[in-house]
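Only one structure is covered here, and it is reproduced in the block below.
The values are calculated or read from the model by the stated rules, or taken from the named source; none is laboratory data. If you're wondering where the values come from, they're calculated on a predicted model, not measured in any experiment. Positions of Cβ are backbone-derived with ideal geometry, glycine not excepted, and every protein chain shown enters the neighbour counts. The area values use the complete protein model at the heavy-atom level, side chains included, leaving out ligands, DNA and RNA. Shrake-Rupley method; radii C 1.70, N 1.55, O 1.52, S 1.80 Å.
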Amino acid sequence: MPAYFDHNATTPLLPAAREAWLRASDRHWHNPSSLYREAGLASQALETVRARLADLLGAEPERLVFTSGATEANNMLFAGLSRCLAPDACVAISAVEHPSVREAARSWLGRARVTEIPVDEHGRVTVGRLEDVIRRHRPALVSVMAANNESGVLQPWPELLTLCRSHGVRFHADASQWVGKMDSSRLGACDYVTVSGHKFGGAKGAGFLLLADEQESFPLLVGGPQEAGRRAGTENLPAVEAVAAALEHLAADLESVAVRQGSLRDEFIERMKALFPGLRVISEGAPRLWNTVLMVMPRHPNLKWLTRLSRLGLAISTGSACSSGREGSSVVVQALGADWDELRRVVRVSGGWQTGRDEWQELASGFEQAASGLDEEAAGRS
Ligand code: PMP
């Protein structure tokens with residue numbers, strides 16, 4: 001069985017999610033917009049699942065619009081803002097945002113209206129840096145991801161939200177990597193929140209955007225009146241049932257998972273440092289997701305490590321699967337000012353909720369084995 005260490009890219013369907021998906025597909029396959037009894041039941045089921053998900057985030061159900069995932073949710077937000085903000089209003093986004101925030105903001109609003117919030121040496125947006133940007137640029141909205149997909153760094157979003165509130169600025173959190181891994185019960189306090197179901201064992205192609213209130217409507221897809229006119233297209237009830245089931249399942253046990261997995265991850269880091277003197281873990285001094293390690297290998301390009309490990313049945317990545325730009329490059333490491341040589345040596349490892357000590361140790365042994373092959377290959381070339 002291959003060991004999977006790319007959970008920040010996507011996750012396998014949880015058994016509870018699979019069950020919920022099948023149940024909804026069998027029972028509620030009717031179109032929720034149709035007018036007979038079975039369709040009404042499907043429509044009721046959709047509203048129940050909306051309420052369950054909103055409740056998990058501490059938000060009112062009327063704020064939640066289902067989408068095909070986080071990319072669509074982020075586009076919905078910036079497309080909507082492009083229609084309702086004053087023509088000269090700008091938004092501020094962190095320098096380490098996912099491309100679906102960065103490119104969506106630039107594309108819908110225009111580059112000139114997107115200001116970047118610099119990050120500190122750990123890749124974090126500090127209250128001081130954000131305050132500086134707010135005072136200088138007076139943005140209408142601040143967008144900072146809750147947890148970083150590459151480094152796992154946790155942004156201090158509750159403090160950033162408080163600061164935004166005190167300046168009357170709206171706050172968006174792309175919480176794609178936070179939800180399912182960290183306590184999400186207070187995220188609803190943000191004006192806008194993006195969630196992606198396939199990052200925590202729910203179905204792919206399903207997620208949502210929390211809007212500021214029930215009146216707000218930022219339709220990106222137009223057509224039918226689904227989602228109260230906020231998103232046209234037949235609703236994917238089985239997928240959102242799976243997302244809710246996955247999140248409810250994980251929310252029950254998050255704290256102990258975080259402690260257990262965090263210590264297995266740290267044991268892995270210690271072994272890697274012993275095996276590879278000079279290895280650098282990005283943002284090691286900052287609070288991070290319990291499952292993620294972004295590291296700069298002391299030698300050999302990341303794609304070579306990835307290929308060797310893949311042959312051993314070990315799946316890792318070279319930063320973000322969605323990173324645009326150069327092959328294998330990392331947005332976060334670029335924002336931290338790394339040079340090209342370092343960028344090429346970045347690898348990301350992201351474990352899961354059930355990853356065992358044996359798998360973490362197998363991964364470290366895999367790196368050891370890959371190293372001898374790569375060292376030999378390099379010696380043969382020189
Ligand atoms: N935002 C973040 C922080 C992500 O990690 C991802 C997935 N890599 C996305 C947005 C896009 O998610 P989706 O695949 O649901 O479009």
| remark: Highest GNM mean-square fluctuation among LEU57, LEU109, LEU85, for the chain with Cα springs under 10 Å, belongs to LEU85
| request: Please calculate how many Å² of accessible area region 200-269 carries per residue, with a 1.4 Å probe and no DNA, RNA or ligand atoms counted. | output: 40
| Environment charge of ALA20, counting only residues whose C-beta is closer than 14 Å and scoring Lys/Arg +1, Asp/Glu -1 | 0
| Are there GluC sites (Glu not before Pro) in region 112-145 that DSSP puts in a loop and that have at most 14 other Cβ atoms within 10 Å, and which ones? | GLU121
| task | Would you calculate a helix-derived [θ] at 222 nm for the chain, using -39,500 (n - 2.57) for each DSSP H run of n ≥ 4 and dividing by the full residue count, to the nearest 500? | result | -13500 deg cm²/dmol
| said: When a/c reaches 1.5 or more, the comparison of a/b and b/c decides; with that in mind, is the chain rounded, prolate or oblate per its Cα gyration tensor? | reply: oblate
| request: Would you mind calculating the gained length between SER365 and SER34 on full extension (0.36 nm times residue separation, minus the Cα-Cα distance), in nm to one decimal? | output: 113.5 nm
| Roughly how tilted is helix 237-251, in degrees to the nearest 10 and between 0 and 90, from the longest Cα axis of the chain? | 60
| task | May I ask for the longest run of the chain untouched by trypsin sites (Lys or Arg not before Pro) that are loop-located per DSSP and have at most 15 neighbouring C-beta atoms (other than their own) within 10 Å? | result | 1-185
| task | Would you mind checking the tilt of helix 127-137 against the longest principal axis of the Cα atoms of the chain, expressed as 0 to 90 degrees and rounded to 10? | result | 60
| field | Percent accessible area from carbon and sulfur atoms, region 229-382, protein chains only, probe 1.4 Å | value | 49
| query | What list of ³J(HN,Hα) couplings, whole Hz, do you get for region 190-196 from phi and the Karplus terms 6.51, -1.76, 1.60, once you set θ to phi - 60° and write x for glycine and proline? | reply | 6, 5, 9, 9, 9, 9, 10
| note | For the chain, longest principal axis from Cα atoms; helix 70-84 axis from its Cα atoms; angle between them, nearest 10 degrees, is 50
